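> Starting off with a structure, shown below.
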Amino acid sequence: MHAIFLRGILAAFVAFSGSAATGAAADELIGDAERGAKVFEKCKSCHAVGPDARHKVGPHLNGVFGRKAAGLGDFDYSRAMRRAGADGLVWTIEKLEAYLENPKVLVTGTNMRFRGLKDKQDRLDVMAYLRQFSDRPRDIPEAEPTAITEEVRLSDDILNIEGDPDYGEYLSSECMTCHQTDGDDEGIPSIVGWPTEDFVIAMHAYKQKVRPHPVMQMMAGRLGNEEIAALAAYFSALN
Amino acid sequence: MALNRRAFLGTTVGLAASLSAPMVLGQGKPRVVVVGGGAGGATAARHIAKGSKGAIDVTLVEPTRTYYTCFFSNLYLGGFRTLESIAHTYGKLASDYGINVVHDWAVGIDRDAKTVSLAGGAKLPYDRLILSPGIDFVDGAVPGWDVTKQNRMPHAYKAGSQTELLKAQIEAMPEGGVYCMIAPPNPYRCPPGPYERVSMVAHVLKQRNPTAKILIADPKPKFSKMALFQEGWQNHYGGMIEWLGPDFGGDKVEVNADEMTVTIDGEVNKVDVCNVIPAMKAGRICELAGINDGNWAPVTGHTMQSRIDENIHVLGDACAQGDMPKSGFSANSQAKVAAMAIRAALTGTKQFPAKFSNTCWSLLGTDDGVKVGATYEATDEKIAKVDGFISQTGESADLRKATYEESLGWYAGITSDMFG
Ligand SMILES: Cc1cc2nc3c(=O)[nH]c(=O)nc-3n(C[C@H](O)[C@H](O)[C@H](O)COP(=O)(O)OP(=O)(O)OC[C@H]3O[C@@H](n4cnc5c(N)ncnc54)[C@H](O)[C@@H]3O)c2cc1C
C-alpha cells in the first residue's frame with residue numbers, strides 16, 4: 001500500500017517539476033532491520049535483545065547505541081573493553097560497524113570470540129535490527145542517528161541551478177528559523193547583505209569544523225559547495 | 001509583471017505535464033486551506049502565500065485570535081518572560097501576505113468532496129489541505145483526571161490561560177508546600193518541556209518559598225537531556241526536586257482533584273499544586289478526517305503528505321513521521337518542506353529534496369541554557385536522523401549564557417517566520 005502510494009508521489013514530483021530532485025542521493029537508513037534479524041541468528045548464542053533480554057556469554061544488547069563500551073554495571077567485561085569504555089569509546093554507528101567487522105581491530109583484547117561480519121550489508125542490517133532496541137530520536141532527540149550521512153550529491157539538473165534564487169530561497173528557509181530576514185541580531189548574528197566570499201568562507205569554516213559552534217557545524221556540514229554558493233548569492237542580495 | 005507571468009507559465013507546465021494532477025482547469029486559482037495557526041500551520045500558510053505571490057489562494061482556519069506560544073511559556077512560569085511577550089496575532093498574515101484568516105473551528109472534513117466544514121456553518125473547498133492542529137489528550141490516561149479537572153489540576157500544555165493558572169497556583173503555594181508533576185509517556189510534544197518546566201518552577205520557589213518541594217512522577221525510565229537537567233537541578237536547587245521513575249512507581253499514578261492527592265504506587269501524597277500532563281494524541285480533527293493510524297497521522301517525509309490521503313498534508317505534533325521530536329522547531333521545519341511541495345504540485349515550481357532540522361533549548365536557571373539539535377532527511381520509510389549534537393555537562397558559565405542568548409534569537413526568528 002505505502003510503497004505504491006509513495007511511488008505515485010515520486011512520479012508526481014517528476015511530472016510537476018522540470019528539474020526534479022530525482023538524482024538526489026537521500027541519506028540511507030542504516031540497513032534493513034528485517035534482514036538484520038536473520039543476521040542476528042549468528043549472535044544469538046551469546047547475546048539477547050528485547051524486553052526480557054538477559055546477559056548470556058555476552059551482555060544483552062538493549063540500548064547499546066549511544067552507550068559507552070562496557071557500560072553495563074552488572075556484566076563482567078574483559079579488561080580491554082572496560083579500558084576502551086574509560087577511554088571514551090561510545091557505540092555510535094561507525095564504532096559498532098568497525099567492531100562488528102573485526103572485534104580485535106577496535107578492541108584488541110576483547111573476549112568476544114567472534115570472527116566478525118565480513119559483508120558490509122550484513123553489518124548494516126544487523127545494526128538496523130539492533131537499533132530498534134535503543135532509544136528513539138523522536139523521544140530522546142540526542143539518541144544516535146538511524147540513518148547514515150552521505151555527502152549531499154545532486155543530479156546535474158540540480159547542479160545547474162547554482163546561484164538559482166529559487167534554490168537559494170528554499171535552502172534559506174531553514175536558516176530563517178534562527179537568523180532573521182530583517183537583519184536583527186539579538187542573540188544570533190545577522191547574515192544578510194554579506195559579501196558572498198565572506199559568507200562562503202564562514203560556511204566552509206563551520207563545515208570543516210575549523211570554526212567552533214555545534215549548531216552551525218551541523219547546519220553547514222550537510223551542505224554541498226553549490227548549496228553554499230546558492231545561499232551566499234541569496235543572502236547577499238537581501239538587504 | 002515578470003513574476004506573474006512566470007507563475008502563470010509554471011502553472012500551465014505543471015498541469016500539462018502531470019497525469020495525476022488534481023487541479024481543475026477554469027476554476028481559478030488553486031486553493032490551500034490550512035487548519036491550525038500554530039508553529040506548523042502559520043509557517044506553512046505564510047511560506048505558501050509569500051512564495052506563490054498571489055498565485056495560490058490561502059485560507060488559514062484558527063479559532064483563537066491570540067496565539068500564545070508553548071515555547072517560552074515555561075520561561076513565563078519562571079518569571080523570565082511576560083505573557084504578552086509570548087502572545088502573537090494574525091494581522092500581518094492577512095495584511096502583508098493576503099492570507100484569508102478565518103477565526104473558527106474546523107469540525108469536519110469531507111475527503112471526497114474536498115471540503116472543510118467550520119463550526120460557524122461555512123464549507124471551504126480545497127485543492128490541498130494542511131492539518132496542523134497540535135495535540136489533544138488521551139482520555140483516561142491518568143486515572144482520576146479528565147479535562148473537566150483542568151482548573152484544579154492544570155496541564156498548561158497548551159499555552160495561555162492554563163499557563164497563567166498554573167503560575168498563579170505556584171505563587172499561592174503555602175510555605176513548604178508540594179508541587180507535583182505527572183509527566184507524560186512517549187511520544188509527547190517537546191521532550192525536554194516537562195523538565196524545563198520543573199527547572200523554572202524550582203527557580204520561582206527558591207526565591208519565594210525555599211522550603212517547598214517538587215515531586216515528579218514519571219512513567220519513563222529516561223528523558224531527553226537527563227544528565228544535563230539532573231546536574232542543573234543539583235547545582236541550582238539542591239535537594240528541592242525528587243524524580244520518581246518507573247522503578248519507584250512513577251508509572252502507577254492516580255490523582256484526586258477534590259482531595260488534592262496523588263497516589264504513587266499505592267502511597268497517598270497530599271499536594272498543593274498538581275500539574276497533570278497526560279498522554280497525547282493528534283488534534284481531534286485528524287481523527288475526524290479519518291487519517292490516523294492509532295493516535296497519530298502517518299505522513300511521508302518527502303512532502304509531509306498523509307499516507308492515507310495525498311491531498312492532505314499533516315504537520316507538527318499531529319503527524320507520525322519518524323525520528324523528529326514533536327517541537328515548534330520541527331513543525332516549522334516540516335511546514336517549509338510542505339510549502340515547497342504544495343507550490344510544486346499546484347503551480348509547477350521546483351521540487352527540492354526535503355531537509356529538516358531541529359534544536360530544542362532549555363533553561364535550567366538564570367543564564368544557564370542548554371540545547372540539543374539534529375538534522376534529518378526523508379527516506380521512503382520515514383524522516384530519519386542523520387546528525388546531531390547536545391550540550392555537555394560541566395560547560396562554562398559563559399557558554400551556557402551564550403546558549404541562552406541564542407535561544408532568545410531563535411524565538412525572535414521563528415515567531416517572525418510564523419507571523420511575518
Ligand atoms: C511547555 C512547553 C514548552 C515548549 N517548548 C518548546 C521549545 O522550547 N522549542 C520548541 O521548538 N518547541 C517547544 N514546545 C513544543 C511546541 O509548542 C509544539 O511542538 C508546537 O507548537 C507544535 O506546532 P503545531 O503546529 O503542531 O501545533 P500548535 O502550535 O499547537 O498549533 C495548533 C493550532 O491549531 C489550532 N486548532 C486545533 N484544532 C483546530 C481545529 N479543529 N480547527 C481550527 N484550528 C484548530 C489550535 O488552536 C492551535 O492554535 C513546547 C511545548 C510546551 C507545551
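> Longest span of chain B, sites excluded, free of GluC sites (Glu not before Pro) in DSSP loop with at most 12 other C-beta atoms within 10 Å?
The answer is B:1-174.
> Another question, if that's okay. Can you give the extra length, in nm with one decimal, that the chain gains between A:Val105 and A:Asp32 once fully stretched, where that is 0.36 nm per residue apart less the Cα-Cα distance?
That works out to 23.8 nm of additional length.
> Net charge around A:Ser134, counting only other residues with Cβ within less than 14 Å of its Cβ (Lys, Arg = +1; Asp, Glu = -1)?
+3
> Follow-up. Efficiency by 1/(1 + (r/R0)^6): what FRET value for A:Arg54 and A:Ser78, r their Cβ-Cβ distance, R0 = 30 Å, to the nearest 0.05?
Given R0 = 30 Å and the Cβ-Cβ separation, E is 0.95.
> Then there's this: Express in nm, to one decimal, how much length is gained between B:Thr64 and B:Glu242 on full extension, taking 0.36 nm for each residue of separation and deducting their alpha carbon distance.
Value of the extension gain: 60.4 nm.
> Still on this structure: With a ≥ b ≥ c the root eigenvalues of the C-alpha gyration tensor of the stretch B:141-276, is it rounded (a/c under 1.5), prolate (a/b larger than b/c) or oblate?
Rounded, because the longest to shortest axis ratio a/c is under 1.5.
> Would you please give the residues with an amide H less than 5 Å from that of B:Leu60, counting only those at least 5 places away or on a separate chain, with H modeled from the backbone geometry?
B:Val34, B:Asn100, B:Val101, B:Val102
> Considering the convex hull of the alpha carbon atoms of the stretch B:245-343, report its projected area averaged over all viewing directions, in nm², one decimal.
Mean shadow area of the hull around the Cα atoms is 8.7 nm².
> Stokes-Einstein D for chain B at 37 °C, 0.692 mPa s, Kirkwood Rh over Cα pairs, in µm²/s?
Answer, rounded: 146 µm²/s.
> What list of ³J(HN,Hα) couplings, whole Hz, do you get for the stretch B:382-396 from phi and the Karplus terms 6.51, -1.76, 1.60, once you set θ to phi - 60° and write x for glycine and proline?
These are the phi-based 3J(HN,Hα) values: 6, 8, 10, 6, 10, 7, x, 8, 8, 4, 9, 5, x, 5, 6 Hz.
> Using a cut-off of 17 Å between alpha-carbon atoms, which lysines can reach B:Lys206, once sequence neighbours fewer than 8 places away in the same chain are excluded?
B:Lys206 reaches B:Lys167.
> While we're looking at this one, here's another question. Which log10 I(q)/I(0) values does the protein assembly as shown give at q = 0.05, 0.06, 0.07, 0.11 Å⁻¹ under the Debye formula, counting every alpha carbon as one identical point scatterer?
-0.24, -0.34, -0.47, -1.19
> Take A:Trp194 and A:Arg113, extend 7 Å from each Cα along the Cα→Cβ direction, and tell me the distance between the two endpoints in nm.
Between A:Trp194 and A:Arg113, the simple spin-label model gives 5.8 nm.
> A further question on this structure: Work out the FRET efficiency for B:Gln234 and B:Glu267 from their Cβ-Cβ distance, taking R0 = 35 Å, and round it to the nearest 0.05.
0.90
> Among A:Lys95/A:Lys209; B:Lys225/B:Lys281; A:Lys44/B:Lys355; A:Lys44/A:Lys120; A:Lys56/A:Lys95; A:Lys207/B:Lys401, which pairs are too far apart, with a Cα-Cα distance over 31 Å?
Among A:Lys95/A:Lys209; B:Lys225/B:Lys281; A:Lys44/B:Lys355; A:Lys44/A:Lys120; A:Lys56/A:Lys95; A:Lys207/B:Lys401, the Cα-Cα distance tops 31 Å for A:Lys44/B:Lys355.
> Taking only DSSP H segments of four or more residues, each worth -39500 (n - 2.57), what value at 222 nm results for the protein assembly as shown once the sum is divided by all its residues, to the nearest 500 deg cm²/dmol?
Here the helix-only value at 222 nm equals -10500 deg cm²/dmol.
> Sticking with this one: Going by how many other Cβ atoms sit within 10 Å of their own, how do B:Trp410, B:Trp105, B:Trp361 line up, fewest first?
B:Trp105, B:Trp361, B:Trp410
> Principal axis lengths of the stretch B:265-420 from Cα atoms, whole Å, largest first?
Over the stretch B:265-420, Cα extents along the principal axes are 51, 45, 30 Å.
> Treat the count of other C-beta atoms within 10 Å as a stand-in for reagent exposure and order B:Val314, B:Val204 from fewest to most.
Ascending Cβ contact count within 10 Å gives the list B:Val204, B:Val314.
> Could you pull out every one of the aspartates and glutamates with an alpha carbon less than 14 Å from that of B:Lys29, ignoring same-chain neighbours closer than 8 positions?
Correct list for B:Lys29: B:Asp57, B:Asp127.
> Here is a further query. Taking the Cβ of B:Ala297 as the centre, find all other residues whose Cβ is under 12 Å away and add up their charges (Lys, Arg: +1; Asp, Glu: -1).
Computed value for this residue: -1.
> Subtract the Cα-Cα distance of B:Thr211 and B:Asp258 from 0.36 nm times their separation in residues, and report this length gain in nm to one decimal.
14.4 nm
> Under a straight-distance cross-link criterion of Cα-Cα below 17 Å, which lysines are reachable from B:Lys252, leaving out those fewer than 8 residues away in the same chain?
B:Lys220, B:Lys222, B:Lys270
> Assuming a ≥ b ≥ c are the square roots of the Cα gyration tensor eigenvalues, decide whether the stretch A:96-239 counts as rounded (a/c under 1.5), prolate (otherwise, with a/b larger than b/c) or oblate.
prolate
> In addition: Given a Förster distance of 45 Å, report the FRET efficiency between B:Ala168 and A:Gln121 from their Cβ-Cβ distance, rounded to the nearest 0.05.
Calculated value: 0.15.
> Tilt of helix B:226-237 relative to the longest C-alpha principal axis of chain B, in degrees (0 to 90, nearest 10)?
Long axis of B:226-237 versus the principal axis of chain B: about 50 degrees.
> Defining a contact as two alpha carbons under 8 Å apart and six or more residues distant in sequence, what relative contact order in percent does chain B show?
Rounded, it is 19 percent for chain B.
> So, one more: Tell me the net charge near B:Arg400. Cut-off is 9 Å between Cβ atoms, B:Arg400 excluded, with +1 for each Lys or Arg and -1 for each Asp or Glu.
Neighbourhood net charge equals -3.
> Something else: In percent, how large is the relative contact order of the stretch B:228-299, given Cα pairs closer than 8 Å and 6 or more residues apart?
14 percent
> While we're here: So what is the diffusion coefficient of the stretch A:156-237 in µm² per second by Stokes-Einstein at 37 °C and 0.692 mPa s, using a Kirkwood Rh over Cα pairs?
Answer, rounded: 256 µm²/s.
Each value in this text was obtained by applying a stated rule to the coordinates, not by laboratory testing. Fair warning: this is a prediction, and the values are worked out from it, not measured in the lab. All Cβ positions, even for glycine, are placed from backbone atoms using ideal geometry, and neighbour counts span all protein chains on display.
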